[in-house]
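Comments concern the structure below.
The values are calculated or read from the model by the stated rules, or taken from the named source; none is laboratory data. Remember, it's a predicted structure, so these values are computed and weren't measured experimentally. FYI the Cβ positions are ideal-geometry reconstructions off the backbone, even for glycines, and counts take in every protein chain you see.
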């Protein structure tokens, strides 16, 4: 039976829910943007999105049931801490958990997941073809004498296993995670006349992460914004903006980044969303992803991922 895999977790969407427990979802099914109230459980998911087909259950469900479940649980606790006291210091587990969640929002959307699985499959097939053609010289002494025997004895769907490993490796990168952990974190609570929107691409990245002016911004509630920056100047500059102007700027970017839907507390921003939905601003660095080399691919083929 298919499982719901939420790429926009329920705990995160729920910050925009009203007294009825539902959020307002803006979608464009045809040529017109429409708003409808829905429960977060029925929004921002795709059946079996992270499942590796054709492998044993433990491996097939690892991304969803182990990796993303832990990441989301830690992030939910971190968000609760932010809400209780925005200035409180998180312990190492929750700070790393929040960083992991932030980075996951770049890579866990359906389009990104399919990109990873398709690209890794293509690379694995190319490496496998070369491995088969040169098997006699490349095989290890412990491996069968023919490629056919080798192929029969290895785990199923090595490409799917390799893709899942790569997704986890990129999201859980020590280099990126440590850098994000060491950035300056600020929570802004804004007394605005209207509220932040949310979309299926909710993270705003400005100038990457390594430049002095680099920063990330993520709405964490209708009137709260998380900012990670490399310097206090960025935060001070943002804080000087009129709250309504800042909300408008963030919402403009989030709606233009959206691929599938936008979320709000109500339908009062229908015209705003309708005039921007579909712009499809770039929001992901996957085109710059460095995939494993042929030698690394051969290792993945041998191990089954």
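For the stretch 46-59, give me each residue that is buried (at least 19 other Cβ atoms within 10 Å of the Cβ) and at pLDDT 95 or above. 49, 50, 51, 52 - these are the residues of the stretch 46-59 that are buried (at least 19 other Cβ atoms within 10 Å of the Cβ) and at pLDDT 95 or above. So which residues in the stretch 29-57 are under 25 Å from residue 163 (Cβ atoms) and within 22 Å of the chain's Cα centre (by Cα), if there are any at all? Across the stretch 29-57, the qualifying residues are 44, 45, 46, 47, 48, 49, 50, 51, 52, 53.
Which of the residues spanning the stretch 213-233 are within 21 Å of residue 178 (Cα to Cα) and under 24 Å from the mean Cα position of the chain (by Cα)? The answer is 213, 214, 215, 216, 217, 218, 226, 227, 228, 229, 230. Of the residues in the stretch 16-28, not one is within 29 Å of residue 177 (Cβ to Cβ), in contact (Cβ under 8 Å) with a residue 12 or more places away in the chain, part of a helix (DSSP H, G or I) and within 18 Å of the chain's Cα centre (by Cα). Taking the stretch 196-210 as the range and being surrounded by 14 or more Cβ atoms within 10 Å (Cβ to Cβ) and more than 27 Å from residue 46 (Cα to Cα) as the test, the residues that pass are 206, 209.
For residue 86, indicate whether it is touching a strand residue (DSSP E or B) at 6+ places or on another chain (Cβ under 8 Å) and modelled with pLDDT under 95. Break it down stepwise before answering.
On the way: touching a strand residue (DSSP E or B) at 6+ places or on another chain (Cβ under 8 Å): yes; modelled with pLDDT under 95: yes.
Against the criterion (touching a strand residue (DSSP E or B) at 6+ places or on another chain (Cβ under 8 Å) and modelled with pLDDT under 95), residue 86 qualifies.
Every listed requirement among (1) modelled with pLDDT of 85 or more; (2) part of a loop (DSSP other than H, G, I, E, B) is met by residue 220 save one, (2).
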